Amino acid sequence: MKPAPFRYLRPSSVDEVVAVLAEHRADATVLAGGQSLLPLLNQRHRRPTVVVDLTAVTELRRVVTGGDEVELGALVGQQLPAAVASSLPLLVLALPHVGHVQTRNRGTIAGSVAHGDPLAEVPLAMLVGGGAVELVSARGRRLVPIDDFLDRAFAPARADDELVVATHWARPEPGVGHGFVELTSGTTVAAAAAVASVDGGRVESVRVGVAGPVDRPMLITAELLPPVDGTDPGAVTALGRRLGSGLVDGVAFIDDTTSHSAHRRAVAVELVCRALRAAVADGMRGADEEKSADAPGVGPVDGGVGAAVGSTVEVRSNRNPDPVGDIESESVVAIRLMVDGRVRQATVESRTSLADALRTVGVTGVKVGCEQGVCGSCTVLLDGSSQRSCLVFAVQATGVEITTAAGLSGPIDELRAAFVDQFAVQCGFCASGVLVTAAAELAERAEAGTLDDLRGDTIAGLLSGNVCRCTGYGSMVAAIGQAARRLAE
């Protein structure tokens, strides 16, 4: 489960990236957050000869908020601040369904769109909300509407020599409501999103979309003449059923051991109804209010500084922006890691994961399980953010503060005591990743003053990214809840 050898490049400008792509085309792949790419590399489904790391291209971190759209640079992450999130309500509804907290801490918005997974939530939100993808190559720059960009599964309309530099999101008008729902059973069965324009209690137009195991997410738009009474749940449900049925009629969802195509079509119609009802209710609440996107505010983007409405700003990231140069696959590179406050040095190949590098230097508390970013056993803090160390290359971690379970401070004393009290540690393999995940969440909530809001369902959702083979989740949920209560006191 290791990538094939490749040449690693970390350029510092878009022009340099474009030049590399023009030279190597299909033999090169672009690395942004890497949360979709690294599993493919680890499984050798992708075998590029050149990996181009965008981390040092600071111009890709900018956020531009204009009158009718929000431009998110290709390195803007999936943890959006209030100042940006208030302008993109449908995206905000979709993001909690994307992966797990550890992958969202490193993943990028543009990376999810460019990956082209027909089940992915971010492309569906963009398709229904409206937007476009900005691409740059040596041949020039072009803006592709998202409906055209999502050509087919895992093969969006991007040429081999083109780089996605930004996604452009339409900002909704006042009185526009949003809804997003998803059903999962091991994997996503289907997801639905809806946008409804409401005026005076009447639903005048809607956009609804469905994502599922098909070639691409689907969209239908309807101008309603006469308008539908938004206060009548039956009328809204009937509209949703009619639109949903038309959307998936004749669509052959993929059959698997989870469910069959006919079942998925029925589920998709029901999800459209629920998403539309939520969107109409949201639009009714906000019909007479100015959207909070026009209120001033500043918040962190991708772990750094924020963007005020109507401004252009570069945003920092917890991914190390310092270039380390060109590393040939035949050679090895000396790296310097700051682990739990102690400097550790190693010599690794460019394809070596941070998880493997940590274990090489003796940090065996970091466990290696799936190497696909699924089990969470390798979770560490990178500059205070919980992330999968199997989905980060070791060469990317130079200059980053790495914290393992052994180096945790703050909430960890209460967590350890609670885990003992609740008998929450069994074989111990997953424990380090769980403790890191929980400690990061408790520390963030302690700073925000929201420890009292941490309840069982929220904790269970937090632990969805950590696999416990001993099925000790109940004890872990109880232990984290106990630690939260004691810290709040």
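Close Cβ contacts (under 9 Å, 6 or more residues apart or on different chains) running from residues in region 194-221 that are within 24 Å of R285 (Cα to Cα) and assigned to a strand (DSSP E or B) to residues that are among the acidic types (D, E) and at pLDDT below 95 comprise S197/E173.
Taking region 2-45 as the range and being basic (K, R), part of a loop (DSSP other than H, G, I, E, B) and in contact with a strand residue (DSSP E or B) (Cβ under 6 Å, 6 or more places away or on another chain) as the test, only R10 passes. The single condition from (1) closer than 21 Å to A252 by Cβ; (2) touching a strand residue (DSSP E or B) at 6+ places or on another chain (Cβ under 7 Å); (3) charged (D, E, K, R); (4) in a loop (DSSP other than H, G, I, E, B) that E182 fails is (4).
Based on what the data block shows, is G461 under 20 Å from L381 (Cβ atoms), open to solvent by 10 Å² or more (accessible area, probe 1.4 Å) and either hydroxyl-bearing (S, T, Y) or touching an Asp or Glu at 6+ places or on another chain (Cβ under 6 Å) (or both)? The answer is no for G461. Filtering E441, E401, E414, E489 for residues that are closer than 30 Å to P5 by Cβ, open to solvent by 20 Å² or more (accessible area, probe 1.4 Å) and either more than 25 Å from the chain's Cα centre (by Cα) or modelled with pLDDT of 95 or more (or both) leaves a single hit, E401.
Which one is surrounded by the fewest Cβ atoms within 10 Å (Cβ to Cβ) among residues in region 67-95 that are within 17 Å of A193 (Cβ to Cβ) and at pLDDT below 95? Out of the qualifying residues, it is A85. Determine whether region 74-82 contains at least one residue that is in a helix (DSSP H, G or I) and not basic (K, R). The answer is yes, given that some residue of region 74-82 is in a helix (DSSP H, G or I) and not basic (K, R). Looking only at region 155-163, decide whether some residue is in contact with a His (Cβ under 7 Å, 6 or more places away or on another chain), small (G, A, S), open to solvent by 10 Å² or more (accessible area, probe 1.4 Å) and modelled with pLDDT of 95 or more. Within region 155-163, not a single residue is in contact with a His (Cβ under 7 Å, 6 or more places away or on another chain), small (G, A, S), open to solvent by 10 Å² or more (accessible area, probe 1.4 Å) and modelled with pLDDT of 95 or more.
The set of residues from region 238-250 being open to solvent by 30 Å² or more (accessible area, probe 1.4 Å) and either in contact with a His (Cβ under 7 Å, 6 or more places away or on another chain) or not polar (S, T, N, Q) (or both) comprises A238, R241, R242, G246, D249, G250. Among the residues of region 96-113, not a single one is more than 11 Å from the chain's Cα centre (by Cα) and part of a loop (DSSP other than H, G, I, E, B).
With respect to A278, determine if the residue is of a type in the set (G, A, S), modelled with pLDDT of 90 or more and open to solvent by 50 Å² or more (accessible area, probe 1.4 Å). No.
The values are calculated or read from the model by the stated rules, or taken from the named source; none is laboratory data. In this text the structure is predicted, and so the values were computed from the model without any measurement. Virtual Cβ from ideal backbone geometry, glycine too; neighbours counted across all protein chains shown. These accessible areas exclude ligands, DNA and RNA; they are computed on the full protein's heavy atoms, side chains included. Shrake-Rupley method; radii C 1.70, N 1.55, O 1.52, S 1.80 Å.
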